[in-house]
1. Over segment 135-206, with a single point scatterer placed on each C-alpha, what log10 of the ratio I(q)/I(0) does the Debye formula yield at q = 0.16, 0.22, 0.24 1/Å?
2. Give LYS30/LYS59; LYS20/LYS135; LYS59/LYS203; LYS59/LYS193 a once-over and call out the pairs whose C-alpha atoms are over 31 Å from each other.
3. How about segment 1-105: which trypsin sites (Lys or Arg not before Pro) there are in a DSSP loop, with at most 15 other Cβ atoms within 10 Å of their Cβ?
4. Round to the nearest 10 and give me the degree value, 0 to 90, for the angle of helix 73-87's Cα axis relative to the longest principal axis of the chain.
5. Among rounded, prolate and oblate, which fits segment 10-58 when a ≥ b ≥ c are the square roots of the eigenvalues of its C-alpha gyration tensor, a/c under 1.5 means rounded, and a/b larger than b/c means prolate?
6. Using only Cα atoms and rounding to the nearest 10 degrees, what angle (0 to 90) does helix 105-114 make with the longest principal axis of the chain?
7. Just to confirm a number: summing +1 for Lys and Arg and -1 for Asp and Glu over residues other than ASP146 whose beta-carbon lies under 11 angstrom from that of ASP146, what do you get?
8. Report the one residue of TYR123, MET98, LEU204 whose Cα lies farthest in the direction of the positive end of the charge dipole of the chain (charges on C-beta: Lys and Arg +1, Asp and Glu -1; origin at the Cα centre).
Amino acid sequence: MKTLLHLVASPRGEASSTLKISQSVIARFKEQNPDGRVDTLDLFVEDIPAVTVKVTEGKYQLLSGKELNDKTRPAWEPVIKQIKRFQDANIVLISSPMWNFGMPYVLKHYFDVIMQPSYLFRYTATGPEGLAKGKKVIVATSRGGDYSEGPAKAMDNLEPSLRTMLGFIGITDPTFINAQPMIAAGPDVAAQKLTQAVSIANKLVF
Ligand SMILES: Cc1cc2nc3c(=O)[nH]c(=O)nc-3n(C[C@H](O)[C@H](O)[C@H](O)COP(=O)(O)O)c2cc1C
C-alpha cells in the first residue's frame, strides 16, 4: 500500500489555486492506487515544533557524530515524529503558492525541522549524501505573476530553493507543476493556465 504525504502550504482552502492542482494529483493517485493512503499535513493548522536552542543543540550533536542525549532528546521527540511521517511516505505532494518570490514561511519552517543529519542526510568521505532517495515528489505551485521565462525567471526563488533542499536529501527528480500567472494577466488567462496545470496533473503516473 502506497502512502502519499500531502504538505499543504496555502491557508486558502477552497479558494486556493494551488490546491486545485493538488486535488487532481490526489484523485489521480487514488485512481491508480485504490488502497493507497493520503496523509494530509496542513502546515497552517498542525503544530510543527519550533527550532529551539535544544533542537539546534541536538542537531550539532548529530553533526559532530554524537548521539542525542537526555538534554536534547525530549525536544527532539516531535522533530523525529515529523521526520518519520516524511520517511513513511512513498510519494510527497507539496502544495505551495509563491509568497514574496519564495515559499510560505510554514513550508520553510517544516524543512528546517525535518532536514536533519543522520535522518535525511549524512556527510561521507566523498561529500554529503541524501538519505531520502526513492521517493516520488510532486510540487504544485501557483503564482500571481509569471516567472517561467525572461528577466522574471531570475526572481523565482520558490522552485530553485525547493529543488536545492530536495536534492540535498536525495530527491533529484521532483516534478513541478506551476500555474502562472494567476493574477497579473487577468482571470481568463488565470483560468486557462490553471486548466493546463490540472491537465498535467491528470496525466501523472504513480
Ligand atoms: C503573502 C503573499 C505573498 C505573495 N507574494 C507573491 C509574489 O512574490 N509573487 C507573485 O507572483 N505572487 C505573489 N502572491 C500571489 C500568490 O502567489 C498567488 O495568488 C497564488 O496563486 C496563491 O496561491 P493559493 O491560491 O494556492 O493560495 C502572494 C500572495 C500572498 C498571500
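Laboratory data are not the source of any read-out in this text; all were calculated from the coordinates shown. This is a predicted model, so every value here is computed, not measured. Cβ sites come from the backbone with ideal geometry, for glycine too, and all protein chains shown count toward neighbours.
1. These q points yield log10 I(q)/I(0) values of -0.62, -1.02, -1.11.
2. LYS30/LYS59; LYS59/LYS203; LYS59/LYS193
3. LYS2, ARG12, LYS66, LYS71
4. Tilt of helix 73-87: around 40 degrees.
5. In terms of gyration-tensor shape, oblate.
6. 40 degrees
7. So the surrounding residues net to +1.
8. TYR123
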